[in-house]
1. One residue is enough: does the range 178-187 have a residue meeting the conditions touching a residue at least 40 places away in the same chain (Cβ under 8 Å) and either within 30 Å of N12 (Cβ to Cβ) or in contact with a helix residue (DSSP H, G or I) (Cβ under 7 Å, 6 or more places away or on another chain) (or both)?
2. Inside the range 139-166, can you point out the residues that are touching a residue at least 40 places away in the same chain (Cβ under 8 Å) and either touching a Phe, Trp or Tyr at 6+ places or on another chain (Cβ under 6 Å) or not β-branched (V, I, T) (or both)?
3. Give the residues of the range 174-220 that are of a type in the set (S, T, Y) and in contact with a Ser or Thr (Cβ under 9 Å, 6 or more places away or on another chain), sorted by residue number.
4. State whether one or more residues within the range 180-195 are over 30 Å from E71 (Cβ atoms), surrounded by fewer than 19 Cβ atoms within 10 Å (Cβ to Cβ), in contact with a Phe, Trp or Tyr (Cβ under 9 Å, 6 or more places away or on another chain) and among the small types (G, A, S).
5. Given the range 38-153, what strands (runs of 3 or more DSSP E) lie entirely inside it while holding 1 or more residues that are under 18 Å from the mean Cα position of the chain (by Cα), crowded, with 16+ Cβ neighbours inside 10 Å and of a type in the set (S, T, Y)?
6. Under 6 Å by Cβ, and 6 or more places apart or on different chains, what pairs join a residue from the range 7-21 that is free of Cβ contacts under 8 Å to residues at least 12 places away in the same chain with one that is aromatic (F, W, Y) and surrounded by 14 or more Cβ atoms within 10 Å (Cβ to Cβ)?
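Any read-out appearing in this document is the output of simple, stated calculations on the displayed coordinates, not a laboratory observation. This one's a predicted model, so the numbers in the text were calculated from it and none came from an experiment. Here Cβ is always computed from backbone atoms with ideal geometry, including for glycine, and neighbour counts include all displayed protein chains.
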Amino acid sequence: MIVGFPSGALKNLFPYLSPEFFKALQDLGVKALEIHTSDKESLLKVLNLDLSLTKRLNYLALHLPSVKETEMEDLLPIIKEVHAKHDFKLMVSHTDIITDWSIFSNQGLPIALENMDHRKDRGKTVKDIKNILDKYDFKFVLDVNHCFVNDPSLKLVDEFITAFNDRLAEIHVSGYEVLHDPLSKTRQSEIVEKIAHINVPIIIECGYQNLNEARQELNYVKSFF
């Protein structure tokens, strides 16, 4: 099972995408990374990222900026350059802002849609995601934390898996007390147990104050697989 971190996991310890950050990932034995971007500046940072820093990874995904269609269209040339250089397995997009998904048609990008949490107006239900996936050949990223805050019974997880089993390409897990919290602290084992039978890359979406916390979380989540 591939288990990894997002680029913000160690933001309290190292600068964004710094060599020190990648060295810490290596020391922790993390072989999977989802790089989060928010704007043109962060995309350019990824574009200029030395390939030697990512070559040890077994899995590399990119989280696209959460912006409206007009801004995303302006960013597409850079996004395509970034993909041409790094060959991402997935490019993950939130589903609460964009309404015209045709902007990604025929772009040659591995787009994947992520389900949203309770704070968002769209992208929270199977119907919301299905309305898009029925029209476009995108993959699906299941965020179990987002399911949990919308439905603590986690039946929503089963509904998403049943509906999009053939599109499911990545899973996000984290505990929930405030937002995205370490499962090794919240001990919400049901969040990981719910998806422990699924063999797709897992990204643990929370941050840490030190490397020991990160190591504990990684070991805790891995213990379910």
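1. No, the conditions are met nowhere in the range 178-187.
2. Passing the criteria: K139, L142, D143, N145, F148, L154, F160.
3. Listed by number, the residues that qualify are S174, Y176, T186, Y220.
4. yes
5. Result: 59-63, 90-94.
6. Filtered contacts from the range 7-21: F14/F21; E20/F14.
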